[in-house]
Structures are given as structure tokens and as C-alpha cells.
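The values are calculated or read from the model by the stated rules, or taken from the named source; none is laboratory data. All of these numbers come straight from a predicted model, not from anything done at the bench. Cβ coordinates were reconstructed from backbone atoms using ideal geometry, including for glycine residues, and neighbour counts include every protein chain displayed. Accessible surface areas use protein heavy atoms only, side chains included; no ligands, DNA or RNA. Shrake-Rupley method; radii C 1.70, N 1.55, O 1.52, S 1.80 Å.
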Amino acid sequence: MRPALHIPDGFIDVPTSAAVWVIAVLGIALALRGARRQLDDSLIPMAGLTAVFIFAMQMLNFPVAAGTSGHLIGAALAAVLIGPWAAVLALTVVLVVQALFFADGGLIALGLNITNLALVAVAVSWLVFSLLARLLPKSPLSVIITAGIAGFLSVPVAALAFVVEFALGGTGAVPLATVFTAMVGVHLVIGVIEGIVTALVVAAVLALRPDLVFGARGLLPERMLTLTPARAPKGV
Amino acid sequence: MSRRLSVTVFIVLGLLVSLLIAGIVSHYASASPDGLEFVAEQEGFLDTAQDSAVAGSPLADYGIAGVGDPRLSVGLAGILGVIVTAAVGFGLFWLLLRGRGTPARR
């Protein structure tokens, strides 16, 4: 028996869940259009692999404090690897598979989970990543660090999105302030791990195939991003 | 290092790593409730959770119904999950590519 990872039905009332479902569907529609524009052929297999890898990683709950565990969201990882639009779709695929086959996250609540983990977390990740990338020198290390920071911030912000939904339609009679403090507090800690894992995985892909990292475009020398390796051996 | 992995090798490696994580490493994952569930319990709204409409799924809660050994049950569920996610994921992105820009072949 493994812990559930996502919002179950019942936490948030049906009207709120339905309204957020509409947001989720609109977001997916936008992402389908955006990904079609943004994704080039070389990233198609990467996009599929990203979804698979995130599904697998989400099974690895890690202990964060007594009696609590955290797990990867993967939004920042996906956004950096395959671009924000494809990332929304990859996360959505994972959430749909988990909800339909593994009964993880309710079906009424699926719109909430898609909105928080696919739309909000990816949007925050990409905003943070692209803003920071402009400030730092263009290098692989910058890409890795900004990806990590984006991963870190995406987790408490996704938790914040849940708090907003709880404020609008939470069924539990619990003071909002304590839910806010607890959710953001726990997820700040989980975010640290998310940031570290995101940075490590991005570093690994950059080491193997920098040209397959969407977020590295424009940030790394052209030489590293073309398929044919540079002819002249470069000094270390 | 001028030699690079081909995309195919890279993708196959990635899939193998994913299978390893979902099929074997997942057994060693923490069984404690995750952040949300922990907060719900602590704040006293965990009991507002309702069963999913598909709670009776043979794969519910990342196990295979009827498989007693927890290692086997979680591992097989993880491997099936990887296969399903791959089918849906690669399928979706392939369809996206196919339906765009360059005129269709037919």
C-alpha cells in the first residue's frame, strides 16, 4: 500500500472542482496549440520520455520529516527539458494515468490536480527559469542552477494553489490560516528536494545530450547545441 | 568527448532507468503520507476525502489486486504504469507532430 499523491475527491466541493476543471481544459487546449508550435521533431521522443520518467519518479516518496513524505512534481524538470507547453501536456498525461488506472487523485478532483501541478507549477517554473536565465551568465551551470531554483519554487506555489481552492470550496471546517501555514511550510521543505533532483537530472541530460534540453537554447554556445560535434578539440 | 549518444540510445536508456525506478526502487520509497495528506490529517479534514470512482481498479493505490507480495505488487504496478504512460505519452506527442505544419502524405 503506497501513499496517495494527489488531491482526492471530497476535499474541495463539486462546484469549485467543476469550475477549476474548466480552467484545466482551457489550459490543456492552449498547451496543445502551443506545443504544436514549439515542439520540433527532435523533442517529440524527449516529451514522451519526460512523461514516463516523471511517472516513475513520483513513485519515490522520500521522507521529509517525522510522518511525512514528499515526491517529485516534475513541472520544472519538464519545462526545462521540453518547453512549457509540452510540459503541461506531459504532466497532464501522468496525472490522467494516475487518476484513471491507479485511483490516485479523484476524477472530480483531476481538474484541480491538473491545474495545480500541470498549469500552475509549470507556469511558475518557466517564469522563474526564463527570468533568472536572463540575469545569469550563459553557461551550463546557469541552466542547472536556474532549473533547480524553478523546481524549488514550483512546489510551495502549487501548494498555494491548493490553499486558494480550499478557500473557495474546501469542505473541511478548518481555519484557512492554519491550512495555509501547514501546506506552504511542508511544501517548502519538499521543494528543496524537488530543486535538487531537478538540477541533477537537468545536469545529467546536459552532460549527455545538451541539444535535447529545450531550456538551454539561446543559453549555451551554438557548438553545444548542434547535432554534429565541434571539429576542433577544445581545451578543457 | 566528441562522441554523443544517439537519440534512440538516450531514449532507451531513459526508459530503462524509469522501469528500474518504478519497478524496483519504488519498493524502498517512504510509505508516510505525502505533504497534502499529512496536512489534511493534521488539520482534521482528511475524513472529507471520498473514494475515487475507480477505487476498484485492479491497479488502485499502486498495487496489483490479488498479488500478495508487496514488493511484487508495487513493482509490477510500477512497470505497468510506465508502459501505459509511455503508450499515452509517446502516442499523444506523435499525434501532435503528425497533425501539424508539413502537409500530410496521403
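Some notes on this structure:
- Scanning region A:30-42 for residues that are surrounded by fewer than 23 Cβ atoms within 10 Å (Cβ to Cβ) and among the aliphatic types (A, V, I, L, M) gives A:L30, A:L32, A:L39.
- The residues of region A:197-213 that are modelled with pLDDT of 95 or more and closer than 19 Å to A:V122 by Cβ, listed by number, are A:V197, A:T198, A:A199, A:V201, A:V202, A:V205, A:V213.
- Among the residues of region B:65-77, those that are touching a helix residue (DSSP H, G or I) at 6+ places or on another chain (Cβ under 6 Å) and open to solvent by less than 40 Å² (accessible area, probe 1.4 Å) comprise B:V74, B:G75, B:A77.
- A:L168 falls short on exactly one of the conditions (1) within 12 Å of chain B (Cβ to nearest Cβ); (2) surrounded by fewer than 16 Cβ atoms within 10 Å (Cβ to Cβ); (3) touching a Ser or Thr at 6+ places or on another chain (Cβ under 7 Å), and that condition is (1).
- The residues listed here are A:V94, A:V80, A:V124; of these, the one that is more than 10 Å from every other protein chain (Cβ to nearest Cβ), crowded, with 24+ Cβ neighbours inside 10 Å, β-branched (V, I, T) and touching a Ser or Thr at 6+ places or on another chain (Cβ under 8 Å) is A:V80.
- Against the conditions (1) among the hydroxyl-bearing types (S, T, Y); (2) farther than 13 Å from A:T198 by Cα; (3) within 15 Å of the chain's Cα centre (by Cα), A:S139 satisfies every one except (3).
- Members of region A:100-135 that are over 17 Å from the mean Cα position of the chain (by Cα), among the aliphatic types (A, V, I, L, M) and farther than 18 Å from A:G151 by Cβ: A:L100, A:A103, A:L107, A:I108, A:A109
- If only residues of region A:65-77 that are crowded, with 23+ Cβ neighbours inside 10 Å and among the hydrophobic types (A, V, I, L, M, F, W, C) are counted, the one that is nearest to A:I149 (Cα to Cα) is A:A76.
- With respect to the conditions (1) assigned to a loop (DSSP other than H, G, I, E, B); (2) aliphatic (A, V, I, L, M); (3) more than 8 Å from chain A (Cβ to nearest Cβ); (4) without any contact (Cβ under 8 Å) to a residue 12 or more places away in the chain, B:A87 lacks only one, and its number is (1).
- Residues in region A:50-64 that are open to solvent by less than 10 Å² (accessible area, probe 1.4 Å) and either farther than 17 Å from B:L20 by Cα or within 7 Å of chain B (Cβ to nearest Cβ) (or both): 6 in all.
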